[in-house]
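Presented below is the structure to which this report refers.
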Amino acid sequence: MATQVTLVASAFLLLLSIPFSTSISHSHRSAAINLFPTSPASLEDAYEALRVFEILGLEEKKTHVSGDACQKVLENLNSASSLKDLFYALKVNNILKCDVNSNALKDIASRLKATVHEPSTLLDIYYSIGGLVLIKDQDSNVDAYLVDVDRVFQSIKALSQSDGRWRYSSDNPEPSTYAAGLAIEALAGVISLESSEIDQSKVNIVKNDIVKLFDVIEKYDDGTFYFDEKFVGGEEQWGSLSATSSVVRGFTSFAAVTSGEINLPGDKILGLARFFLGIGIPGDAKDFFNQIESLAFLETNRISIPLILSLPETVYALTKKGQLKVKVNTVLGSAPPPLTVKLAHAFSTGAKDSAIIDSKELQYDQESGFHVLDAFPKNVDVGTYVFVFEIVLHDSGSEKVYATGGQIHVPIYVTGFIKINNAEITVADSDLGRAQTQKKLDLAGNDVVSLSANHLQKLKFSFQLTTPHGHVFKPQQAFFKMTHETKVEHIFMIGNIGKKFEIILDFLGLVEKLFYLSGRYEIELTVGDAVMENSFLRLLGHLDLDLPKAPEKAARPPPPPVDPYSRYGPKEEITHLFRAPEKKPPQNLSLIFLGLILLPSIGFLVGLLRLGANLKNFPSSTVPATYGILFHVGIAGVLLLYVFFWLKLDLFTTLKAFGLLGAFLVFVGHRILSHIALTSAKLKSA
């Protein structure tokens with residue numbers, strides 16, 4: 001029987017082929033075109049689409065959105081729109097540079113200043129401050145600077161909590177990580193709207209708040225960092241992606257308008273980048289926007305720019321002798337500063353203490369941009385390994401600008417062809433251990449065996465697996481399956497003893513598990529692993545097993561499994577039973593009955609002759625004669641309809657036809673009778 005790759009191993013190997021930590025790629029650009037419509041429903045949607053297209057360099061799609069978007073911008077800026085609509089109208093205008101009247105911006109600036117200086121919620125302050133910053137950047141002739149910066153600063157700071165999170169308003173005691181990002185971004189706007197030098201003590205207070213917020217950051221085992229949203233009392237709930245994106249916008253905006261260092265570890269900023277890249281391509285437009293914009297902020301932030309080490313492949317075959325390739329980029333795929341990638345060491349997951357590679361520098365390929373390890377060392381065998389990489393920047397000054405993440409652990413899977421040797425199946429006596437039947441198998445071929453045994457015997461099956469370098473290979477799955485002719489299956493796990501895999505089935509102890517079912521069993525072997533290129537499931541043969549009769553209280557075998565697709569198969573043919581036809585009368589009797597039915601018709605004709613019926617009074621004029629002919633044709637049609645009803649028509653069809661003929665007869669009959677009545681009246685008067 002031909003071998004086939006097992007489902008579990010092949011599916012797992014497919015998952016392993018996914019690239020490791022890739023930057024933004026062409027797939028994101030294709031997804032952006034599909035996720036964002038060219039005619040957004042709101043200004044918020046329009047801004048998100050335009051911002052994503054701008055970051056990804058999709059200028060053509062950006063042009064498609066601009067027409068309707070500018071119209072909505074002008075409508076909102078020239079009306080009493082909500083603070084949120086004004087905020088997003090100004091954001092869209094900041095990208096498209098619509099033809100906005102300077103006087104309209106002055107009126108909006110006055111309204112936003114009034115909102116900022118009045119007691120309001122964090123969202124109102126955020127939209128107002130953000131709107132004033134956008135107006136300042138778009139029109140230098142409009143005075144967007146704040147008069148009382150200290151008061152605005154304190155009104156925002158009053159909503160902060162000791163753990164770095166913020167509240168949405170003084171009436172809402174629940175703190176929120178998402179609100180913290182909004183507050184820090186609003187404080188950055190307040191600093192940029194200060195006409196003079198900002199008090200450095202206020203800047204330091206916000207920096208401490210940012211550091212405290214990073215103290216409660218969440219972490220995965222792979223070095224990924226993210227912020228979780230713990231606020232549950234508001235109307236709108238935000239997930240980890242939205243909360244993390246809000247914080248990234250906040251601290252990068254604050255760093256952009258202030259000087260001095262913000263004491264944030266580079267590994268946490270790199271971990272945030274890994275979080276956004278690790279979610280792949282979101283299927284929701286809002287999540288996609290949060291991902292792309294956050295990565296854009298991390299790409300240009302002043303604190304530390306993360307560098308992403310990626311591998312196009314993490315599965316390598318010994319049979320193909322491929323190269324290990326590593327690439328380093330920024331989160332948006334831009335080229336990094338001059339650097340070297342070193343393979344610090346590599347070890348097998350089964351033997352972490354013994355390194356297979358020690359400190360090797362990868363060669364840089366100028367054309368492809370990859371750092372390449374030409375060949376794996378000869379001691380690399382089939383298995384799962386961890387390669388530890390280090391990014392070394394050439395310029396020492398770049399270490400303050402970029403975050404490399406120190407040692408980066410990457411799982412590498414080396415596949416190969418596993419040799420299967422010394423397969424042997426034996427039937428022996430349970431008490432003496434003497435072999436009754438012993439057969440060798442070529443598991444790489446099509447050998448099958450035919451065996452027989454009883455409950456006083458046991459079955460022993462063993463084989464060996466070796467890697468291309470001759471080492472013992474332990475697969476993830478090795479199963480021995482027995483299937484009874486009634487489709488009852490029994491699966492046994494095969495263990496390893498030293499260099500050999502072996503299973504011993506003592507049928508005397510298995511009679512209850514086998515439900516005392518005697519008869520023919522098919523025996524199959526399944527061996528599979530993600531790194532085993534020749535994983536297989538094959539039929540070994542069959543076993544005729546003689547077991548004792550089941551006791552009365554013994555467990556019954558389960559019902560055979562029902563094929564879920566059988567419901568779509570052909571159904572059983574339904575045989576209908578009809579009532580036997582009733583006995584018909586003799587033919588002579590039927591003819592006599594027909595004659596009796598026709599007698600009235602003959603009597604009718606005789607009666608017409610005796611009464612002297614004739615056509616002497618038939619109208620001679622053209623129109624009355626026509627009506628007369630049509631009337632008699634209608635009468636003939638009714639009689640013919642009776643005949644068809646008797647032969648083939650059903651009652652409903654006959655009634656429909658009779659309705660049409662009846663209306664026709666009423667009309668022509670009325671006309672011809674009116675003519676006869678008029679003629680009679682003239683004769684009497686004459």
Next on the checklist: Give me log10 I(q)/I(0) at q = 0.08, 0.11, 0.12 Å⁻¹ for the chain, Debye formula, one equal scatterer per alpha-carbon, no solvent.
Outcome noted: -0.82, -1.16, -1.26
Item to check | Excluding exposed DSSP-loop chymotrypsin sites (Phe, Trp or Tyr not before Pro) (at most 11 other C-beta within 10 Å), longest clean stretch of the chain | outcome: 1-564
Next on the checklist: Using only the alpha-carbon atoms, how far is helix 83-96 inclined from the longest principal axis of the chain? Give it as 0 to 90 degrees, nearest 10.
Outcome noted: 80 degrees
Checklist entry - Pairs Lys419/Lys460; Lys84/Lys157; Lys327/Lys378; Lys157/Lys268; Lys378/Lys400: which exceed 31 Å Cα-Cα? => result Lys378/Lys400
Next on the checklist: Just to confirm, what accessible area per residue do you get for the stretch 308-415 at 1.4 Å probe, in whole Å²?
Outcome noted: 50 Å²
Item to check | Degrees separating the helix 26-35 axis from the principal Cα axis of the chain, which is the longest one | outcome: 40 degrees
Item to check | Amide H contacts under 5 Å for Phe370, placed H, 5+ residues apart | outcome: Asp365
Next on the checklist: I'd like to check one number: the per residue accessible area of the stretch 419-558, probe 1.4 Å, reported in Å² as a whole number.
Outcome noted: 51 Å²
Checklist entry - Roughly what angle does helix 122-138 make with the longest principal axis of the chain, taking Cα atoms, 0 to 90 degrees, to the nearest 10? => result 80 degrees
Checklist entry - What residues of the stretch 89-113 lie in the reach of a label at Ser140, counting those whose backbone N is under 19 Å from a point 7 Å from the Cα along Cα→Cβ? => result 94-95, 97-98, 100-103, 105-106
Checklist outcome for this item: In nanometres, the difference between 0.36 nm per residue of separation and the alpha-carbon distance of His469 and Ile635 is 49.2 nm
Checklist entry - Which loop trypsin sites (Lys or Arg not before Pro) in the stretch 466-529, with loop taken from DSSP, have no more than 14 other Cβ atoms within 10 angstrom of their Cβ? => result Lys487, Lys499, Lys513
Checklist outcome for this item: Sites removed, the longest contiguous part of the chain containing no DSSP-loop GluC sites (Glu not before Pro) with at most 12 other Cβ within 10 Å is 1-196
Item to check | Spatially proximal lysines relative to Lys62 (Cα-Cα < 21 Å; intrachain offsets below 8 disregarded) | outcome: Lys72, Lys91, Lys97, Lys286
Item to check | Built amide H within the under 5 Å cut-off of Tyr402, gap 5+ | outcome: Ile305
Next on the checklist: Counting only protein heavy atoms and a 1.4 Å probe, tell me what percentage of the chain's accessible area is made up of carbon and sulfur.
Outcome noted: 56 percent
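Express the accessible area of the stretch 621-685 per residue in Å², computed with a 1.4 Å probe while the remaining protein chains stay in the model.
Values: 4960 Å² over 65 residues.
Spelled out: the 1.4 Å probe surface of the stretch 621-685, per residue, equals 76 Å².
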Item to check | In the stretch 308-383, trypsin sites (Lys or Arg not before Pro) in a DSSP loop with at most 15 other beta-carbon atoms within 10 Å | outcome: Lys320, Lys321, Lys378
Checklist entry - Near Lys439, which aspartates and glutamates are there with a Cα under 12 Å away, not counting those fewer than 8 places off in the same chain? => result Glu424, Asp447
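Work out, step by step, the length gained on full extension between Phe593 and Ser398: first 0.36 nm times the residue separation, then minus their alpha carbon distance; give nm to one decimal.
Length gained between Phe593 and Ser398: 58.4 nm.
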Item to check | Expected 222 nm ellipticity per residue - DSSP helices of 4 or more, -39500 (n - 2.57), all of the chain, to 500 | outcome: -13500 deg cm²/dmol
Checklist entry - Within straight cross-link reach of Lys553, meaning Cα distance under 27 Å, which lysines are found once same-chain residues fewer than 8 apart are removed? => result Lys458, Lys481, Lys487, Lys513
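The values are calculated or read from the model by the stated rules, or taken from the named source; none is laboratory data. As the structure is a prediction and not an experimental result, all values here were calculated from the model. No Cβ is skipped: glycine too gets one built from the backbone with ideal geometry, and neighbour counts run over all protein chains shown. Just the protein is used for accessible areas: all its heavy atoms, side chains included, with ligands, DNA and RNA removed. Shrake-Rupley method; radii C 1.70, N 1.55, O 1.52, S 1.80 Å.
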